[in-house]
């Protein structure tokens, strides 16, 4: 099966091609089914490749598949080459698996939409791009996938582009991503300059020749790219706005896959990070700060999806915190677990939204557990998982991260544990507001223009009674809930399924060993559990019955620390002025003036020269004589010099 | 004192200059033509001079041919002049300025 | 007449090393220059033609001084005898023997520029001749000049052997020129006597001269399309 690794990428691409050519004709729901089938097939192939990889018994299991030579230009030899190792296979498995489930869910969620097949077109292309990203064996192939997912994210976020907020959200996502991509590109340039190759294996083999300063620079530049793609400080505002896209998009792209591309990249370059402690520390600090800030913002959001969005940012911060400490395995564990429970939470939220006929305001939900019990149960598993309540997966994963942080940078551990408390609190707030309490959706509500839900669909007026979602949407929920619950098993070492057994060889000696005693580990775990339970109880207690607590939802937090306003003032307004200046002065006067000026100059010089064409023979003879005199003068000068 | 070839060549140059001046200054077409003949003669003179200094018959052969071609040129040129100026007796070269740009 | 005597004297001592040579040269040069200036300055075109004849004779004398009697003879016969006569015929035929107003120059700046440039050019040429060697070519390229054979013999041998093709070509050129001249000067057959009657129809020479005549009184009444068919344009 290893020989057909390329099929993993090819199948979603074929799905994209099929949708491109005949999607509209296939229609609702066949197009969705076809798309899901291709992704499902890709998942099957991935499993096959995984099983095949297990048979490779070398200490570091790798397999390289060379597809073709892409760029053979002198020193720059770039191949389209796939690199299969435990890290990439882990990513591939959960990408294809969760994508397949979300595709299945979308068949039901997007039913009746005008652009049904276009949705699956973009989704398939997205999955293909993400797979290219994780399977690439050199930085340039990774970059192709990187750009591809960014583009598909733009298309999918602005899927309902007739709504102005959606269109501008898509643009915002793409622009922030692009800013990060500049960092990635500069890292590629710098790497090529020093190593003259972009293959990961070559780079890692020649670390000594790069020099520590350059390694730090490369790592920091890649961190800029990661900040864009994985929504870390300071490039995180786009993720909240990206919730304008359909919920399956949020689940797939902005919870499970695209935003984890950053985590994958930094794990892939672990030798570089290991060689540069400064860069690693920076990553850890960025991750920790982001985790905390995003958690505080999530405490005050009113839109269910925005809470989940900031929660994603926060959990990604945890992953980078782990990477910064060198605990790559913990980061990957959290990434996988997060993919399951965040995907589940988003799909569950989508189910609730669908049931309430597109209502996203938490203040207008309530008591959904009575009307949508299946959604409630699965959502509840996800909720408890993310709050890190034992024995669900989130507890084990987050515990792993916090344990390593305590051993590496205790100061950051404090930030981490505070954030864990906040996580438990705001997720319980969300659950309390949505699934418990009174039937607020039945009330008439006046439009309050100060909230950010003022422009939503049902501002003003009542909602009819919510209904449970169709089976095609609930089945993926159950599957994800199952995995969210049992993924903790991966944490158990000395187990055939254990993640560390599988993935540690990729990192070798770069992996941080926390060297904690089992007592210390037990103490930390207990602390985690206590904080989680306390947070859950506090959140529920405050928000189960009452929906309005203005003191806990300050404007500063609700407006995400006013960062959008800050960027607007610092970057937006000046750039707007520059653009206005360009449009009114540079474009008409300089550019048009230049071009028209050339034409005018030609015309004027033409009219000037025209005066020599008098038509009189004698003038022309004079011209001949003049020319002869000039030639004579030239000859004289030549002769005189000699 | 000997007559060196330089004198002939200087004379040829001056003759040529006078011919050129005539073409530039006169308006009567036939007089202009005659000045062109002057220039041709100046060239012939210099050819013959060079033939003598280089002891080369080629110069004289060339004069021979120049003479023939000049004759042919005059024939055709005057034919054209007749064709153009048949009607107007005092037409000058300045009357042909149709190619004014 | 003077030229003939000078030529005879020069022919006797054609080595260029005696006072006779110098004197002949000076006289011939004076004749040439005087004639040239006369061509340019004379108001009446017939006077110009006669001055041209004088110049041609002077040049012929100079040819003889250069030991080239054949070319001198050809010069006199062809140039002075045929070409200038042709000029005179045309002058008489067209009636352009009226005087031209030399003093008036319609084109702005033409005269000063002309004089200036020509003087500049001549000075340059003479300077060039002085500064570098006048003669730079390789000797004996086309065949020896001088020696025991006569000039006619040498010239004839060269023309009929080495330069046979240009000779034939120029012969053909002459024939073409004659045919061309006949065609150019022909009037269209209208039945009217071309010499005595004033032709009523348009000049058959084509569009350019017809449009070039700005004076409206002389404008041809009709320049119509069929006419070019009668005239084979050269």
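Read-outs: derived from the displayed coordinates by stated rules, not from any lab. Treat the numbers as computed from the prediction; the structure is a model and nothing was measured. With ideal geometry, Cβ positions are generated from the backbone for all residues, glycine too; neighbour counts draw on all protein chains shown.
Please give the Cα centre distance for segment A:120-167 versus segment A:331-403, rounded to the nearest Å.
That distance is 25 Å.
What's the exposure ranking of A:409, A:467, going from fewest to most Cβ atoms within 10 Å?
On the way: A:409 19, A:467 12.
By the 10 Å Cβ count, ascending: A:467, A:409.
Order these by the 10 Å Cβ neighbour count, fewest first: A:290, A:628.
Details: A:290 27, A:628 16.
So the residues, fewest neighbours to most, are A:628, A:290.
Of the listed peptides A:177-183, A:332-338, B:78-84, what is their order by residue-averaged count of other C-beta atoms within 10 Å, with the highest listed first?
On the way: A:177-183: 18.4, A:332-338: 27.4, B:78-84: 21.1.
Descending mean neighbour count gives A:332-338, B:78-84, A:177-183.
On a C-alpha basis, how far is the centre of segment C:29-79 from the centre of segment A:185-227 in Å? Whole number, if you could?
Distance between centres, Cα-based: 91 Å.
Under the definition of Cα pairs under 8 Å and six or more residues apart, what whole-number percent is the relative contact order of chain A? It would help to have the intermediate numbers written out before the result.
Working: 1053 pairs, mean separation 78.0, N = 642.
Relative contact order comes out at 12 percent.
Counting alpha carbon pairs within less than 8 Å and at least 6 residues apart, what relative contact order, in whole percent, applies to segment A:1-154? Show your work: numbers first, answer last.
On the way: 233 pairs, mean separation 47.9, N = 154.
Once divided by the residue count of segment A:1-154, the mean separation gives 31 percent.
Where the centre of each part is set by its Cα atoms, how far does segment A:2-54 sit from segment B:30-79, in angstrom?
91
Using a Förster radius of 45 Å, what is the FRET efficiency between residue A:575 and residue A:482 based on their Cβ-Cβ separation? Nearest 0.05, please. Show your work: numbers first, answer last.
On the way: r = 49 Å, r/R0 = 1.08.
Efficiency, from the Cβ-Cβ distance: 0.40.
Pop a pseudo-label 7 angstrom from the Cα along the beta-carbon direction at both residue A:144 and residue A:6 and give the gap in nm to one decimal.
1.1
Can you sort A:152, A:299 from fewest to most other Cβ atoms within 10 Å of each residue's own Cβ? Each step should come with its number before you reach the end.
Numbers: A:152 24, A:299 20.
So the residues, fewest neighbours to most, are A:299, A:152.
What is chain B's relative contact order, in percent, from Cα pairs under 8 angstrom and six or more apart in sequence?
Working: 70 pairs, mean separation 26.2, N = 101.
Relative contact order, chain B: 26 percent.
Would you kindly state how much longer the chain becomes between residue A:114 and residue A:418 on full extension, computed as 0.36 nm times their sequence separation minus their alpha carbon distance, in nm to one decimal? Intermediate results must be reported in sequence, preceding the final value.
Values: separation 304, 0.36 × 304 = 109.44 nm, distance 4.49 nm.
Full extension from residue A:114 to residue A:418 adds 105.0 nm.
Please give, to one decimal in nm, the separation of the simple spin-label points placed at residue A:160 and residue C:82, each 7 Å out from Cα toward the Cβ.
10.3
Across peptide B:5-16, what mean number of C-beta atoms from other chains lies inside 10 Å of a residue's C-beta? Spell out each step's value before the answer.
Numbers: counts 4, 6, 4, 6, 5, 7, 8, 4, 8, 7, 8, 5.
Counting Cβ atoms of other protein chains within 10 Å of each residue's Cβ and averaging gives 6.
Kindly state, to the nearest 0.05, the FRET efficiency for residue A:151 paired with residue C:92, given R0 = 60 Å and r defined as their beta-carbon distance.
Values: r = 92 Å, r/R0 = 1.53.
So the FRET efficiency works out to roughly 0.05.
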